[in-house]
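Only one structure is covered here, and it is reproduced in the block below.
The values are calculated or read from the model by the stated rules, or taken from the named source; none is laboratory data. Every value quoted in this text rests on a predicted model; they were computed, and no experiment measured them. Here the Cβ positions follow ideal geometry from the backbone for every residue, glycine too, while neighbour counts run over all protein chains shown. Note: areas computed on protein heavy atoms with side chains; ligands, DNA, RNA excluded. Shrake-Rupley method; radii C 1.70, N 1.55, O 1.52, S 1.80 Å.
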Amino acid sequence: MKRYGILTSGGDCQSLNAALRGTAKALFRLGTDVEIIGFRNGFRGLIHREYEIMRPENFSGLLTRGGTILGTSRTPFKQIRDPEEDGLDKVRAMKDTYRELGLECLIVLGGNGSQKTSNLLAQEGLRVIAVPKTIDNDLWGSDITFGFHSAVEVATNAIDCIHTTAASHGRVFIVELMGHKVGWLTLYAGLAGGADVILLPEIPYDIDSIVKAIRAREAQRKHFTIIAMAEGAISKEMAALSKKEQKELRKKMKKKYPSPAYGIGAAIEEKTGQEVRVTVPGHMQRGGHPTAYDRVIATRLGSEAAAMALRGEFGRMAAITGGKFVSVPLGDVAGKLKTVDPESEIIREARAVGISFGNEP
Ligand code: F6P
């Protein structure tokens, strides 16, 4: 019998269950005498030996269901070497669980932080296979991650809803979207929702440039403006600061405003005298059912991960590059962010249709 461990780690997303299902179905069908151990709540389950032996029927009916049947949690990579309160060495505990259960390999469905831990476990001698999950789409090595497409759909719907009310009242609206340190989700939802201004962490904004874009619309008798703003967007003044200073400023702003969009909103109100409203869809972006596209790629990536496990292709991540399903070394993925290139075609095309990125002179 061969035992495969599987877990979902980090923030959840809409097609995690579809990816679990794809992996498990392919393992059960293509392998012989397979047993799947599902760890509860991400790496926490591996650390504390909380797991279940999964049967094929456990993976039925999951394709359309959001969330993760295994549960998930964040086990910050930065603190992975710090012992737990009771002195437990987390890395050692994970290795012990893996060895005691006699796992053939461990399959990790996770995003950026989680795959750093996967890579560390691989360096520590465990056989690990990664599957790229995240609504942020920031995992290096895969053009697209499952979860992203569904989150874009939710975020776009939020902008669509704001559009009608913004137009009725002639207000400036800021829709603050997730994405952590990158702007993929905001860029795609902003384009799909017809935002007038898109603010991304990769393109530091100038508040005067945003004001100029709002005034230009006013001059065209368009009395409302929709700003799609990434939660990680930063001003050009902030971008000029050191990382430490940025961190301190963020802390200060957090005390003053519920979220970054409110700070920009206040500045716009002060400069234009126009009414500004802020909408933060928040975790709705990770909720609900996966889109058809996400169901397809999650199933395919899961199936590829199973094939990799059966071939003994360890220490790698199933990925999509240039439209092809491939695998990339975990060592190349870990610790690298896939960011939006400010000079890329998509940005150029968006600018060409009149979208402001808040940095035009
Ligand atoms: O990484 C996914 C993500 O949703 C980010 O976009 C966001 O910054 C973060 O997780 C929110 O984390 P939490 O669910 O822990 O509040």
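Only one of (1) within 16 Å of the ligand (Cβ to nearest atom); (2) open to solvent by less than 10 Å² (accessible area, probe 1.4 Å); (3) not hydrophobic (A, V, I, L, M, F, W, C) fails for THR97. Which number is that?
With respect to (1) within 16 Å of the ligand (Cβ to nearest atom); (2) open to solvent by less than 10 Å² (accessible area, probe 1.4 Å); (3) not hydrophobic (A, V, I, L, M, F, W, C), THR97 is out only on (1).
Of everything in the stretch 117-154, what is charged (D, E, K, R), assigned to a loop (DSSP other than H, G, I, E, B) and under 12 Å from the mean Cα position of the chain (by Cα)? Give them in sequence order.
Step one: list which residues in the stretch 117-154 are charged (D, E, K, R), which gives 124, 127, 133, 136, 138, 143, 153.
Okay, now just the ones that are also assigned to a loop (DSSP other than H, G, I, E, B), so 124, 127, 136, 138, 143.
Those that are charged (D, E, K, R), assigned to a loop (DSSP other than H, G, I, E, B) and under 12 Å from the mean Cα position of the chain (by Cα): ASP136, ASP138.
Is at least one residue of the stretch 218-233 polar (S, T, N, Q), under 30 Å from GLN246 (Cβ atoms), part of a strand (DSSP E or B) and more than 16 Å from the ligand (Cβ to nearest atom)? Spell out the reasoning first.
Kept after step one, since they are polar (S, T, N, Q), are these residues of the stretch 218-233: 220, 225.
Now narrow it down to the ones that are under 30 Å from GLN246 (Cβ atoms): 225.
In the following step, the residues that additionally are part of a strand (DSSP E or B) were identified as 225.
Of the ones still in play, those that are also more than 16 Å from the ligand (Cβ to nearest atom) are 225.
Yes, there is a match, as at least one residue in the stretch 218-233 is polar (S, T, N, Q), under 30 Å from GLN246 (Cβ atoms), part of a strand (DSSP E or B) and more than 16 Å from the ligand (Cβ to nearest atom).
Can you say whether LEU88 is modelled with pLDDT of 95 or more and either open to solvent by less than 10 Å² (accessible area, probe 1.4 Å) or part of a helix (DSSP H, G or I) (or both), as far as the supplied structure shows?
Numbers: modelled with pLDDT of 95 or more: yes; either open to solvent by less than 10 Å² (accessible area, probe 1.4 Å) or part of a helix (DSSP H, G or I) (or both): no.
No.
Any chance you could count how many residues in the stretch 234-245 are more than 16 Å from the ligand (Cβ to nearest atom), surrounded by 14 or more Cβ atoms within 10 Å (Cβ to Cβ) and within 24 Å of the chain's Cα centre (by Cα)? Lay out the reasoning, then the answer.
Start the filter on the stretch 234-245 by keeping residues that are more than 16 Å from the ligand (Cβ to nearest atom), which leaves 235-245.
Right, trim to surrounded by 14 or more Cβ atoms within 10 Å (Cβ to Cβ) and you get 235-236, 238, 241.
From what is left, the residues that are within 24 Å of the chain's Cα centre (by Cα) are 235, 238.
Adding up the residues that qualify gives 2.
Quick check: anything in the stretch 172-191 more than 16 Å from the ligand (Cβ to nearest atom) and assigned to a helix (DSSP H, G or I)?
Of all residues in the stretch 172-191, those more than 16 Å from the ligand (Cβ to nearest atom) come to 172-174, 191.
Keeping just the survivors that are assigned to a helix (DSSP H, G or I) gives 191.
Scanning the stretch 172-191, I find at least one residue that is more than 16 Å from the ligand (Cβ to nearest atom) and assigned to a helix (DSSP H, G or I), so the answer is yes.
Does GLY67 satisfy being out of contact with any strand residue (DSSP E or B) (no Cβ under 6 Å at 6 or more places or on another chain), within 16 Å of the ligand (Cβ to nearest atom), over 15 Å from ALA305 (Cβ atoms) and open to solvent by less than 50 Å² (accessible area, probe 1.4 Å)? Please lay out each step first, then the result.
Numbers: out of contact with any strand residue (DSSP E or B) (no Cβ under 6 Å at 6 or more places or on another chain): yes; within 16 Å of the ligand (Cβ to nearest atom): yes; over 15 Å from ALA305 (Cβ atoms): yes; open to solvent by less than 50 Å² (accessible area, probe 1.4 Å): yes.
Here the answer is yes, as GLY67 does meet what is asked.
Could you please give the count of residues in the stretch 192-212 that are assigned to a helix (DSSP H, G or I) and either touching a Phe, Trp or Tyr at 6+ places or on another chain (Cβ under 8 Å) or open to solvent by 20 Å² or more (accessible area, probe 1.4 Å) (or both)? Walk me through how you get there before you give the answer.
Residues of the stretch 192-212 that are assigned to a helix (DSSP H, G or I), as a first pass: 192-193, 207-212.
Within this subset, residues satisfying the condition of being either touching a Phe, Trp or Tyr at 6+ places or on another chain (Cβ under 8 Å) or open to solvent by 20 Å² or more (accessible area, probe 1.4 Å) (or both) are 192, 207-208, 212.
Of the residues in that region, 4 qualify.
Just one of (1) under 18 Å from GLY335 (Cβ atoms); (2) more than 16 Å from the ligand (Cβ to nearest atom); (3) not in a loop (DSSP other than H, G, I, E, B) trips up SER114, so point out which.
(2)
From the list ARG295, ARG311, ARG277, which one is over 19 Å from ILE210 (Cα atoms) and touching a residue at least 24 places away in the same chain (Cβ under 8 Å)? Talk me through it step by step, then tell me what you get.
Details: ARG311 fails: touching a residue at least 24 places away in the same chain (Cβ under 8 Å); ARG277 fails: over 19 Å from ILE210 (Cα atoms).
Among ARG295, ARG311, ARG277, only ARG295 is over 19 Å from ILE210 (Cα atoms) and touching a residue at least 24 places away in the same chain (Cβ under 8 Å).
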